[in-house]
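Undergrad: Pasting in a structure now, in structure tokens, and then I'll have a few things to ask.
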2 protein chains.
Amino acid sequence: MKRIYLDYAATTPVDEEVIRVMNEIHRDIFGNASSIHLDGRRAREAIERARDKILRKLNARNHKLIFTSGGTESNNTALKGIAFRRKRGHIITSKIEHDCILKTCEWLEKLGFRITYLPVDSEGFVDLKKLEEEIGNDTILVSINHGNNEIGTIEDVKAIGEICEDKGVYFHSDACQSFCKTPIDLEEMKIDLLTINAHKIYGPKGVGGLVIRDGVEIEPLMHGGGHEFGLRSGTENVPGIVGFSKAVEIFKEDDIRKMKKLRDMLIKGILELEDTKLNGPKGNKRLCNNVNALFRYVDGEALLLYLDSNGISVSTGSACSSSSSEPSHVLTAIGLDPKDARCSLRFTLGKWNEEEDVRFTLDVLEEGVNKLREVSALKG
Amino acid sequence: MKRIYLDYAATTPVDEEVIRVMNEIHRDIFGNASSIHLDGRRAREAIERARDKILRKLNARNHKLIFTSGGTESNNTALKGIAFRRKRGHIITSKIEHDCILKTCEWLEKLGFRITYLPVDSEGFVDLKKLEEEIGNDTILVSINHGNNEIGTIEDVKAIGEICEDKGVYFHSDACQSFCKTPIDLEEMKIDLLTINAHKIYGPKGVGGLVIRDGVEIEPLMHGGGHEFGLRSGTENVPGIVGFSKAVEIFKEDDIRKMKKLRDMLIKGILELEDTKLNGPKGNKRLCNNVNALFRYVDGEALLLYLDSNGISVSTGSACSSSSSEPSHVLTAIGLDPKDARCSLRFTLGKWNEEEDVRFTLDVLEEGVNKLREVSALKG
């Protein structure tokens, strides 16, 4: 059975072109980029070319990019990096951040930092007025994600950045889900620290980046040989880094248009089913590949497994907390009661999906929803 | 010109068999291991098979293995993980550790932890009596590397482990250079935390591991989705992890014998040159692939560049601090004066070296040493 993968927000397959360049690096540019000899210098050049390419994509003229092992490390580095540097203070984030932001904040709270979790509206947008009110003299950082991983909300980071700049507070944004899928211009948006990663854009797992505005000082998360401007020690993952930049390079506008079309087709089809509702915003303020819907009276995990047994991979929410039995903190933050949150599913599209995938998924969904509602009616 | 790579301690090329399995994973098992659907479960199974394989290699029956992004992360996790868990206390390490141990200790010192840097003898062996004396009631951790990355000293970790067990103190060892090249039996050696990585054993860059004895509690370095037993968040690098376990699986005893033979041939040849001296121990207590020698009156970096221009890659010390102009802290710790430390070079062999590589290197070395001594005599 050919499987249909609709969980591209969890991770994507790697593009063949990316695999090809990584294999070239494995074979030909295997040196340690910190070595002085030719093998080392060639690795160093490959890294610096990759770094420039990614910075150009972001129009980052006054920023440096440090390569990390992924989004979680970048987010941990941003928050702990600022916190340990400043030693005390207040951090503002939102209630719908990824676990790696929230759990880091909880940990920093235990160390004595004060944390504010901003509420969001029913579509997941952060309350900008509340943000402005909450920024105080002791605020050291605001961290708000760019594109939400569960419900696809694209926050107005330009407006958030302007507020932060105005108040003289650093602004970090987690762009793991939005990078390449939504324009990011670091000169226009006043973002001081930006998290990006590769495995959501057809690049390899195990590599990400943290973009840092010049002058912003952070304490490294990993101490050691002083790699990456002294901010992230550890032998550079040259094939991963070059693969990352290749993935950025080959990301196409056409693919975004295609994903949007499939997204809207899937949303339309789902809303034609009885007792369904779209979670998150409509239209242009939603990530091009995200669909999240409530199927009332249907256990989300049961529906996921029904789709899975029919060859379709979807998710109940963030992959990272999918083993948890708690209802999604994102869905409850936008106002769903825990029961409805448990009756929701996330579908995330990719460049390799086709219309027939969406049509087949809608058929199986209709079947599954009806069957599971019968069972729950019997049970009820 | 065919190049001769003699810097395998900095990093190794990746074995074709490892590249092959990583490509398979990239193509067929691309899911997020935390996803519930089939694509996720297949990734999970691949990771767990890899984990078992590596634990078996170490005879680790009462340990768990968490995958990290490499040796630096593993070492940072071990030290900071114990330190943050215990909140205060005393850590003992040695003067010849890798920078990622020393810089982490310096950072912890700033946070209020007390650190003791044990001296070593002229061959790099830690003074066990001194270790025993230094362990106090407030000591929370002893961290001593297994095989030294610069001079190849294989510390007596069994004896160190016994002292630590006797005193009720956790023992961490950095085995990045020794893993697979030297037997490690975690049941026999009383090691509580062990750092290993892939890119020194023909595996990929960007993946490593920290082995942790059951019952040893650490604070995670990265907070988030709760991956890796809640101890290391971040989407698992499935291809890297499987590649790592493949590298462990195919490491051959024969290659060790071959490296030892070439090592001894290279040492013999170097010592036949005038005014040379071996740095580090002789014989079986030296890593199978390490040669470090002093070439008196010859600037190490100049000799490195001479070899490089003749197609031979060697190192002045740790790649990670090779851009530093300081003399090696390892060489000064074993008693070399800074001038002699600067006149030393490290040669590290790998399974793809042959006798003719050693012969050619010895020829170029003799030539280079003579030429550079002429120049320095003229200067002098």
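Undergrad: Identify all residues within the stretch A:206-252 that are over 24 Å from residue B:75 (Cα atoms) and polar (S, T, N, Q); write none if there are none.
TA: A:245
Undergrad: Now, a different point. Is it the case that residue B:3 is more than 11 Å from chain A (Cβ to nearest Cβ), touching a residue at least 40 places away in the same chain (Cβ under 8 Å) and open to solvent by 30 Å² or more (accessible area, probe 1.4 Å)?
TA: no
Rundown of residues vs (1) part of a helix (DSSP H, G or I); (2) at pLDDT 95 or above; (3) of a type in the set (A, V, I, L, M), yes/no style:
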{"site": "B:345", "(1), (2), (3)": "no, yes, yes"}
{"site": "B:350", "(1), (2), (3)": "no, yes, no"}
{"site": "B:353", "(1), (2), (3)": "no, yes, no"}
{"site": "B:361", "(1), (2), (3)": "yes, yes, no"}
{"site": "B:365", "(1), (2), (3)": "yes, yes, yes"}
{"site": "B:370", "(1), (2), (3)": "yes, yes, no"}
{"site": "B:374", "(1), (2), (3)": "yes, no, no"}
{"site": "B:377", "(1), (2), (3)": "yes, no, yes"}
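Undergrad: Right, another one. When you go through (1) more than 20 Å from the chain's Cα centre (by Cα); (2) within 14 Å of chain B (Cβ to nearest Cβ) one by one for residue A:337, which number turns out not to apply?
TA: Unmet condition: (2).
Undergrad: Find the residue count for the stretch B:211-229, including only residues that are outside any loop (DSSP other than H, G, I, E, B) and over 19 Å from residue A:207 (Cα atoms).
TA: Looking only at that region, the number is 4.
Undergrad: Considering only residues of the stretch A:182-200 that are part of a loop (DSSP other than H, G, I, E, B) and crowded, with 24+ Cβ neighbours inside 10 Å, which is nearest to the other protein chains (Cβ to nearest Cβ)?
TA: A:199
Undergrad: For residue A:56, work out the one condition from (1) open to solvent by 40 Å² or more (accessible area, probe 1.4 Å); (2) in contact with a helix residue (DSSP H, G or I) (Cβ under 6 Å, 6 or more places away or on another chain) it doesn't fulfil.
TA: (2)
Undergrad: Being under 19 Å from residue A:63 (Cα atoms), in contact (Cβ under 8 Å) with a residue 24 or more places away in the chain and either out of contact with any strand residue (DSSP E or B) (no Cβ under 7 Å at 6 or more places or on another chain) or of a type in the set (Asp, Glu) (or both) narrows it down to one of A:227, A:199, A:172, A:146, so name that one.
TA: Selected residue: A:227, the only one of A:227, A:199, A:172, A:146 that is under 19 Å from residue A:63 (Cα atoms), in contact (Cβ under 8 Å) with a residue 24 or more places away in the chain and either out of contact with any strand residue (DSSP E or B) (no Cβ under 7 Å at 6 or more places or on another chain) or of a type in the set (Asp, Glu) (or both).
Undergrad: What pairs come out if I take residues in the stretch B:39-64 that are within 12 Å of another protein chain (Cβ to nearest Cβ) and pair them with residues that are outside any helix (DSSP H, G or I) and of a type in the set (Ser, Thr, Tyr) whose C-beta lies under 7 Å away, six or more apart or interchain?
TA: Every condition considered, the pairs that remain are B:39/A:5; B:39/A:313; B:40/B:34.
Undergrad: Still on this structure, please answer the following. Do we find a residue being assigned to a loop (DSSP other than H, G, I, E, B), in contact (Cβ under 8 Å) with a residue 40 or more places away in the chain, more than 30 Å from residue B:105 (Cα to Cα) and within 12 Å of another protein chain (Cβ to nearest Cβ) anywhere in the stretch A:236-252?
TA: no
Undergrad: Which of the residues spanning the stretch A:311-323 are modelled with pLDDT under 80, within 8 Å of chain B (Cβ to nearest Cβ) and part of a loop (DSSP other than H, G, I, E, B)?
TA: Correct list: A:318, A:322, A:323.
Let's see how each residue does on (1) acidic (Asp, Glu); (2) closer than 15 Å to residue A:191 by Cβ; (3) within 14 Å of chain B (Cβ to nearest Cβ); (4) open to solvent by less than 10 Å² (accessible area, probe 1.4 Å):
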position: A:113; (1), (2), (3), (4): no, no, yes, no
position: A:123; (1), (2), (3), (4): yes, no, no, no
position: A:130; (1), (2), (3), (4): no, no, no, no
position: A:138; (1), (2), (3), (4): yes, no, no, no
position: A:142; (1), (2), (3), (4): no, yes, no, yes
position: A:152; (1), (2), (3), (4): no, no, no, yes
position: A:164; (1), (2), (3), (4): no, yes, no, yes
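Undergrad: A further question on this structure: For the stretch A:280-302, does any single residue satisfy the condition of being open to solvent by 10 Å² or more (accessible area, probe 1.4 Å), more than 29 Å from residue A:57 (Cα to Cα), assigned to a helix (DSSP H, G or I) and within 14 Å of chain B (Cβ to nearest Cβ)?
TA: The answer is yes, given that some residue of the stretch A:280-302 is open to solvent by 10 Å² or more (accessible area, probe 1.4 Å), more than 29 Å from residue A:57 (Cα to Cα), assigned to a helix (DSSP H, G or I) and within 14 Å of chain B (Cβ to nearest Cβ).
The values are calculated or read from the model by the stated rules, or taken from the named source; none is laboratory data. Bear in mind that the values here come from a model prediction, so they are computed numbers and not experimental data. Glycine also receives a Cβ, built like all others from the backbone with ideal geometry; neighbour counts cover every protein chain displayed. All accessible areas refer to the heavy atoms of the entire protein, side chains included, with ligands and DNA or RNA removed. Shrake-Rupley method; radii C 1.70, N 1.55, O 1.52, S 1.80 Å.
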